[in-house]
Amino acid sequence: MTRILFLCVANSARSQMAEGLARHILGDRAEVMSAGSQPSKVNPYAIEAMAETGIDIGHHRSKSVDVIDTQALDLVITLCAEEVCPVLPGRVRRLHWPIEDPASPDPSLSPEKMRHRFRAARDEVRARIEALKDELERSGEMNLG
């Protein structure tokens, strides 16, 4: 079973959506988790964006990368774009998906604009996970058939 960690700074939006999507798309053929270097709380817009697709991440909690056994991982996917992504020591396959953080402290952004930002990030993450699934199947790293 492939063990995948989605990693960003706050573990509040992109990595949480990625964890929910990967569990849905990859099923029990992969162990999927997410964490952050400075965990906060799961963003309500992330929960809402995922609920629109029928995936419930309302029970997810932000976790520190310090509680993850990084030696047991097969793949680490960082999702940071404009911020500095955490770096894990050790030898593990790494992918970097620079996806803009949909969360914004800008008070001028309307709730609908925030929903749009989260939907866009969710859809980009979904497309990348679908492509990853195809790559893992072709390489034989994961038997998903």
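I need the trypsin sites (Lys or Arg not before Pro) found in the range 86-145, filtered to DSSP loop residues with at most 12 other beta carbons within 10 Å of theirs. Sparse-neighbourhood loop trypsin sites (Lys or Arg not before Pro): 91. If you run the Gaussian network model on the chain, springs between alpha carbon atoms under 10 Å, then out of 50, 17, 114 the most flexible one is 114.
Could you work out the percent of alpha carbon pairs in the range 1-129 separated by over 24 Å, rounded to a whole number? More than 24 Å apart: 21 percent of the Cα pairs in the range 1-129.
Can you tell me which of 78, 53, 70 moves the most in a GNM of the chain? Springs connect C-alpha atoms under 10 Å apart. Its mean-square fluctuation being the largest, the pick is 53. Charges were assigned to the Cβ only: +1 to each Lys and Arg, -1 to each Asp and Glu. The resulting dipole of the chain about its Cα centre is roughly 120 debye. For the chain, the relative contact order is 29 percent, taking Cα pairs closer than 8 Å that sit 6 or more residues apart in sequence and dividing their mean separation by the residue count.
When the chain is treated as a Gaussian network with alpha carbon springs shorter than 10 Å, the biggest mean-square fluctuation among 104, 15, 34 belongs to 104.
FYI, it's all coordinate maths here, none of it is from the lab. Just so it is clear, the structure is predicted and the values come from calculations on it, not from any experiment. Every residue, glycine among them, receives a Cβ derived from its backbone with ideal geometry; neighbour counts consider all protein chains shown.
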